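Written out below as structure tokens is the structure these notes cover.
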Amino acid sequence: MNKIVLKSFVIILLILCPVFLFAQKDSVIIKRIPHQISVEFGYRNSFYQNTYLLTNGTYALLDATNKVIPNQIYNSATHGVGLLIDYAWQLSGFNNKKSAIYLSIPMGYTILLPDNSASKRISMLNYGWTIRHNLATSDKKLIPFVGYGLFLNNLGVMGFNGSVSGHQTQFEGGLNFSTATKLQYFVKLQASYSSYPKLDYAKSLHFMYTDLRFGVRF
């Protein structure tokens, strides 16, 4: 039992400690795991919502046939902007013989603007984990990449107290543009799916959207 506890403790330390140990004969070389910070900004389009959010911040009511009960004012907000900051650790490609993989902790905020005067602004705060695969080594001028993320997403409607939390799944692809300095500029297209619990109803509230983002890494 004590051996199992000791092994578990060592594994946790190796995961949390951002260093590599390389043994070379009688010496030990300690190197920090490379990290990368990214800041991005861009446009969001929400193109699918299979249930309705009312302008008072509650959900639309459905009848026995699963159709929306009429005479309700729906909140329509389908276009917006977002900002995200990402802190990533490099997991592979240290010798530049292989392309790099990054594990990151992102945090972002997006607003969807009202489509008409009867609607209200929707805000979304998301945070979680992402993994990003570069598809070329870092010595290239153009480095394509793909990524996958899992987030917690908090949704709120302007003017109403409280919010609802759900999950978000995201896929992305883009290009890094290398410079003569440590800075990298990038552009990417991402597609996301979010689901929020719908209390006292059988179905959840779902959003699907795409984002076009521009940013810089350093």
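The values are calculated or read from the model by the stated rules, or taken from the named source; none is laboratory data. This one's a predicted model, so the numbers in the text were calculated from it and none came from an experiment. Cβ sites come from the backbone with ideal geometry, for glycine too, and all protein chains shown count toward neighbours.
When we screen THR137, THR130 for residues that are touching a Pro at 6+ places or on another chain (Cβ under 9 Å) and closer than 22 Å to GLN36 by Cβ, the only hit is THR130.
A search for C-beta distances below 6 Å between a residue of segment 166-191 that is touching a residue at least 12 places away in the same chain (Cβ under 8 Å) and more than 17 Å from PHE207 (Cα to Cα) and any residue that is in a strand (DSSP E or B) and among the small types (Gly, Ala, Ser), counting only pairs 6+ apart in sequence or on different chains, returns GLN184/SER178; PHE186/GLY174; PHE186/GLY215; VAL187/GLY174; LYS188/GLY174.
Report whether or not LEU61 is over 16 Å from ILE131 (Cα atoms), surrounded by fewer than 17 Cβ atoms within 10 Å (Cβ to Cβ) and modelled with pLDDT under 90.
On the way: over 16 Å from ILE131 (Cα atoms): yes; surrounded by fewer than 17 Cβ atoms within 10 Å (Cβ to Cβ): yes; modelled with pLDDT under 90: yes.
Against the criterion (over 16 Å from ILE131 (Cα atoms), surrounded by fewer than 17 Cβ atoms within 10 Å (Cβ to Cβ) and modelled with pLDDT under 90), LEU61 qualifies.
Just to be sure, is ALA77 in a loop (DSSP other than H, G, I, E, B) and at pLDDT 70 or above? Before you say what the answer is, go through the steps one by one.
Details: in a loop (DSSP other than H, G, I, E, B): yes; at pLDDT 70 or above: yes.
Spelling it out, ALA77 is indeed in a loop (DSSP other than H, G, I, E, B) and at pLDDT 70 or above.
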